[in-house]
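The values are calculated or read from the model by the stated rules, or taken from the named source; none is laboratory data. All values reported here derive from a predicted model rather than from experimental measurement. Heads up, the Cβs are rebuilt from the backbone with ideal geometry, glycines too, and the neighbour counts pull from every protein chain shown. In case anyone asks, the SASA skips ligands and DNA or RNA and just uses the protein heavy atoms, side chains included. Shrake-Rupley method; radii C 1.70, N 1.55, O 1.52, S 1.80 Å.
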Amino acid sequence: MIENSIPVIVRILDKEYRVACNQGEEDSLIAAARLVDQKMREIRSSGKVLGTDRIAVMASLNLAHELLEKQNHKNDVNGSINTRLRNMQQKIDAALSKENRLDL
């Protein structure tokens, strides 16, 4: 076990797992286990994937794909915001430069 960790029991597809968890992070771990359980149940109920290990792999791939999509979207948004901020800064600099020339 990790130092300063506590054991937390989570249930995924009706099977219990004892997981070491840092104190204060139990709720996050339980929420993550619920999400994994939900994804695995969705895949199992589709009937297209058989076997717990294959269901787990498919759930992992789906979750990783969703995470990467959100990260890419975040990067796109950040890039857009940075571009807009640079454009605004250029306009401010141009306006201040023009005002300074008028004062001379």
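Among residues of region 41-53 that are within 14 Å of ASP14 (Cα to Cα), those with a Cβ under 9 angstrom from a residue that is surrounded by fewer than 13 Cβ atoms within 10 Å (Cβ to Cβ) and at pLDDT below 90, sequence gap 6+ or separate chain, pair up as ARG44/LEU50.
Rundown of residues vs (1) farther than 23 Å from PRO7 by Cβ; (2) open to solvent by less than 70 Å² (accessible area, probe 1.4 Å); (3) assigned to a helix (DSSP H, G or I), yes/no style:
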position: VAL36; (1), (2), (3): no, yes, yes
position: GLU42; (1), (2), (3): yes, no, yes
position: LEU50; (1), (2), (3): yes, no, no
position: MET58; (1), (2), (3): yes, no, yes
position: GLN71; (1), (2), (3): yes, no, yes
position: VAL77; (1), (2), (3): yes, yes, yes
position: THR83; (1), (2), (3): yes, yes, yes
